Amino acid sequence: MAKKSGKVSKQDLIALLRTDNYSSAQRLGTQVMGTLKSIVQGNDANLIAKATYVAGLINDDRSVDVIELAAKSRTPAVRVAAALAATHLSAERAEPILMRLLKSKDVGIRKVALNAASGAMTEKVRLQVQQVHKLESNQHLKSLASTALKASANR
């Protein structure tokens, strides 16, 4: 892997992402957070989703910035990746991401966000999940919200 002044090149990181080599990309650590953010600001939805997931695996304060960018995407697959990435963050780091995604108009996005929220949630996320449970017309999502609330109560 070509390095420039101790840093991994963007092309090398992209190559790892294209081959789904998430563990190697994760091992690069915080030094690639700027590059991941740059990729997420691009227009290749598949690559953006992969970069978002790796940012979650790295689980650094800067991961939140990268994942929040993805959570604002118009592309559902990228927002799903943001919700999945949030599962690797602490509840506090995941909070702003989950708050956005739990309010999505897309049922699939809300589903993945509810699953992510069940792992760990802050009080703010808990209140939002309670709102989903109370107001959701989709019975499957209502059930997921109930499951998430029960899971968090048992922690």
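A few points about this structure:
- Computed helical MRE - 222 nm, the chain, DSSP H runs ≥ 4 contributing -39500 (n - 2.57), nearest 500: -21500 deg cm²/dmol
- Amide H contacts of residue 104 (H built 1.01 Å from N, under 5 Å, at least 5 apart or other chain): none
- Spacing of the modelled spin labels on residue 31 and residue 147, each 7 Å from Cα toward Cβ, amounts to 4.1 nm.
- With 21 Å as the limit on Cα-Cα distance, the pairs of 103/134; 111/142; 10/37; 10/50; 72/142 that go past it are 72/142.
- When a 1.4 Å probe is rolled over the protein heavy atoms, the share of accessible surface on the chain that falls to carbon and sulfur comes to 49 percent.
- Using a probe of 1.4 Å on the protein chains alone, the accessible area found for residue 68 is around 50 Å².
- Counting only protein heavy atoms and using a 1.4 Å probe, the accessible area of residue 30 comes to about 60 Å².
- Dipole-positive endmost among 41, 91, 104 within the chain (Cβ charges, Cα centre): 104
- Spacing of the modelled spin labels on residue 41 and residue 105, each 7 Å from Cα toward Cβ, amounts to 2.8 nm.
- Assigned charges on the beta-carbon of Lys, Arg, Asp, Glu; the range 36-155 dipole about Cα centre (debye): 400 debye
- For the range 1-74 versus the range 103-155, the spacing of their alpha-carbon centroids is 28 Å.
- For residue 133, net neighbour charge (Lys/Arg +1, Asp/Glu -1) across residues whose Cβ lies under 11 Å away: +3
- Residue-normalised accessible area of the chain, given per residue in Å² at a 1.4 Å probe: 51 Å²
The values are calculated or read from the model by the stated rules, or taken from the named source; none is laboratory data. None of the values given here were measured: they were computed from a predicted structure. Don't worry about glycine lacking a Cβ; one is built from the backbone with ideal geometry, like all the others, and counts go over all protein chains shown. Side chains included, ligands, DNA and RNA excluded: accessible areas come from the protein's heavy atoms. Shrake-Rupley method; radii C 1.70, N 1.55, O 1.52, S 1.80 Å.
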